[in-house]
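**Student:** Let me give you the structure first, and then I'll get to my questions.
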Amino acid sequence: MNKKINVKLASVQFFLMAAYASYFNFFILFLSEQGYSKFECGIIQACIAIVSFIYQPILGYITDHYLSYKKSVLLSIGCVLILAVCIPSVASILFLLGLFVVIHAATTRQLPVLLDGWIVSIRNKHPEVDYENTRGIGSIGAGIASIVMGLVIGYLGYDKVFYFNALLMSLAGILLVTLEDINDEYKQEAKKIPLKGTINHLVTNKTYMCFMVSAFFLNVGIKMVNTFGPIMMQEVGGNSVYYGYVMFICGIVEAATFALVGKMLMKRSLEYIYIWAVISLGVGSICIFMVNNLVLFIIGRVIMGATYAIYTVMALSYVNKVIAPYLKATAMGVLVAGTGGIAQILSSLCGGYILEYFNMTQVTFVMIGLIILTAVTFIPNLLKEKRTTQ
């Protein structure tokens with residue numbers, strides 16, 4: 001059972017994250033090719049974040065109270081497939097292009113969160129499930145997809161991003177059908193709590209709220225690089241093919257980081273692991289923004305991949321630690337909306353404006369400020385952990 005279930009989960013993660021990367025790593029270049037400026041691309045990203053901010057907590061609440069993880073994931077994949085096929089055909093109609101891209105991106109962004117929650121539910125029943133290493137395989141899939149997508153764009157054009165995304169998402173969906181649909185024993189308990197009670201439970205959880213504020217600042221930095229990475233790489237002498245190779249390297253490093261963090265969880269506290277995410281964000285930012293150099297940009301982008309891996313494992317484990325079992329999907333939805341949605345709005349609008357009118361070296365000061373805020377706002381949780389362990 002151990003090998004069989006982990007092979008299934010690794011295969012699902014491989015194709016789902018490959019689909020995710022094939023879209024988010026390159027669709028900004030598709031918009032740029034359509035004539036959008038950096039600032040306009042930022043506005044579209046902000047619209048995606050606004051929709052995500054509204055949509056993600058709602059879907060999390062519905063999943064906790066009414067739908068299983070399996071149904072939520074498969075319905076989301078169905079929506080993504082329809083939109084991915086339609087987007088290239090409406091490229092000349094700006095309103096429809098923007099609308100379809102926003103809905104597609106917001107739905108796609110929620111899929112890894114739902115899948116992670118589903119895997120945790122499976123692991124509660126089957127302790128042999130290895131989340132960290134199977135998720136690492138997903139990062140390798142994302143890296144391979146980035147290389148292939150970079151080559152496809154170079155030879156066939158940017159619109160192929162969406163067809164490639166649809167193909168990979170279809171393969172992930174087929175594999176997901178074979179996974180066990182866990183009947184969550186806590187769902188009846190969740191149904192007893194009204195929406196107001198759910199909100200109150202999360203807002204009054206000081207540990208959770210403190211982490212969300214800190215993670216918000218961390219994610220503003222990560223998402224600024226993720227959003228504008230392809231454009232920034234062009235400014236230091238790279239292109240879409242180069243970026244594909246860089247993202248492949250990022251995938252390998254992420255996979256190794258997922259495995260390493262999985263081992264660290266057995267020996268170190270989650271708070272300790274989070275500090276490493278803050279440190280890697282700082283080092284990566286210096287390499288990317290402080291020096292206008294292609295090699296250092298690549299090194300910095302790879303380090304940012306490690307930052308993402310550390311944060312992903314830590315966030316999932318932290319919510320699992322501090323939130324009641326019957327509200328975990330809602331809590332993750334709110335966390336992703338706050339640290340992903342709002343952070344994406346700020347990083348898209350401000351990042352687009354800054355990169356349009358200022359040089360990359362000046363962005364370093366913005367990143368330093370974000371790193372300081374990330375660390376300072378997490379201090380209460382560090383102190384709480386220290387008191388608990390004494």
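**Student:** Quick one: which of 101, 129 is among the β-branched types (Val, Ile, Thr), assigned to a helix (DSSP H, G or I) and either farther than 18 Å from residue 29 by Cα or within 21 Å of the chain's Cα centre (by Cα) (or both)? Before you say what the answer is, go through the steps one by one.
**Tutor:** Details: 129 fails: assigned to a helix (DSSP H, G or I).
Checking each option against the conditions leaves just 101.
**Student:** So the check is Cβ under 9 Å with 6+ separation or different chains; which pairs have a first residue in the stretch 267-285 that's free of Cβ contacts under 8 Å to residues at least 12 places away in the same chain and a second one that's among the charged types (D, E, K, R) and open to solvent by 20 Å² or more (accessible area, probe 1.4 Å)?
**Tutor:** Close Cβ pairs (under 9 Å, with a partner that is among the charged types (D, E, K, R) and open to solvent by 20 Å² or more (accessible area, probe 1.4 Å)) amount to 272/385.
**Student:** Please state which one of 300, 262, 284 is modelled with pLDDT under 85, crowded, with 16+ Cβ neighbours inside 10 Å and not hydrophobic (A, V, I, L, M, F, W, C).
**Tutor:** Working: 300 fails: modelled with pLDDT under 85; 284 fails: modelled with pLDDT under 85.
Going through 300, 262, 284 in turn, just one is modelled with pLDDT under 85, crowded, with 16+ Cβ neighbours inside 10 Å and not hydrophobic (A, V, I, L, M, F, W, C): 262.
**Student:** Taking the residues in the stretch 327-366 that are closer than 17 Å to residue 216 by Cα and surrounded by fewer than 21 Cβ atoms within 10 Å (Cβ to Cβ) as candidates, determine which candidate is modelled with the lowest pLDDT.
**Tutor:** 349
**Student:** What about residue 85, is it in contact with a His (Cβ under 7 Å, 6 or more places away or on another chain) and either in contact (Cβ under 8 Å) with a residue 40 or more places away in the chain or within 30 Å of residue 179 (Cα to Cα) (or both)? Full working, then the answer.
**Tutor:** Values: in contact with a His (Cβ under 7 Å, 6 or more places away or on another chain): no; either in contact (Cβ under 8 Å) with a residue 40 or more places away in the chain or within 30 Å of residue 179 (Cα to Cα) (or both): yes.
Spelling it out, it is not the case that residue 85 is in contact with a His (Cβ under 7 Å, 6 or more places away or on another chain) and either in contact (Cβ under 8 Å) with a residue 40 or more places away in the chain or within 30 Å of residue 179 (Cα to Cα) (or both).
**Student:** A further question follows. Assess whether residue 39 counts as being open to solvent by less than 20 Å² (accessible area, probe 1.4 Å), in contact (Cβ under 8 Å) with a residue 40 or more places away in the chain and aromatic (Phe, Trp, Tyr).
**Tutor:** Details: open to solvent by less than 20 Å² (accessible area, probe 1.4 Å): no; in contact (Cβ under 8 Å) with a residue 40 or more places away in the chain: yes; aromatic (Phe, Trp, Tyr): yes.
No, not satisfied.
**Student:** Examine the stretch 73-80 for a residue that is in contact (Cβ under 8 Å) with a residue 60 or more places away in the chain, part of a helix (DSSP H, G or I) and more than 18 Å from the chain's Cα centre (by Cα), and state whether such a residue exists.
**Tutor:** Taking every residue of the stretch 73-80 in turn, at least one turns out to be in contact (Cβ under 8 Å) with a residue 60 or more places away in the chain, part of a helix (DSSP H, G or I) and more than 18 Å from the chain's Cα centre (by Cα).
**Student:** Within the group 119, 62, 140, 82, which residue is β-branched (Val, Ile, Thr) and within 23 Å of residue 226 (Cα to Cα)?
**Tutor:** 140
**Student:** So is residue 87 open to solvent by less than 20 Å² (accessible area, probe 1.4 Å), among the hydrophobic types (A, V, I, L, M, F, W, C) and part of a helix (DSSP H, G or I) or not?
**Tutor:** yes
**Student:** Within the stretch 247-259, can you find the residues that are aliphatic (A, V, I, L, M) and either over 18 Å from the mean Cα position of the chain (by Cα) or modelled with pLDDT of 80 or more (or both)? Write out each step before concluding.
**Tutor:** Step one: of the stretch 247-259, the residues aliphatic (A, V, I, L, M) are 247, 249, 252-253, 255-256, 259.
Of everything in the stretch 247-259, those that are aliphatic (A, V, I, L, M) and either over 18 Å from the mean Cα position of the chain (by Cα) or modelled with pLDDT of 80 or more (or both) turn out to be 249, 252, 253, 255, 256, 259.
**Student:** Which of the numbered conditions does residue 237 fail, given that it passes all the others? Conditions: (1) assigned to a helix (DSSP H, G or I); (2) at pLDDT below 80; (3) not aromatic (Phe, Trp, Tyr).
**Tutor:** The failed condition is (1).
**Student:** Kindly provide the set of residues from the stretch 94-131 that are farther than 20 Å from residue 59 by Cβ, at pLDDT 80 or above and open to solvent by less than 20 Å² (accessible area, probe 1.4 Å), ordered by number.
**Tutor:** 129, 131
The values are calculated or read from the model by the stated rules, or taken from the named source; none is laboratory data. It should be emphasised that the depicted structure is a prediction, and the values quoted were computed from it without experimental measurement. Quick reminder, even Gly has a Cβ in these numbers, built from the backbone with ideal geometry, and neighbours come from all protein chains shown. These accessible areas exclude ligands, DNA and RNA; they are computed on the full protein's heavy atoms, side chains included. Shrake-Rupley method; radii C 1.70, N 1.55, O 1.52, S 1.80 Å.
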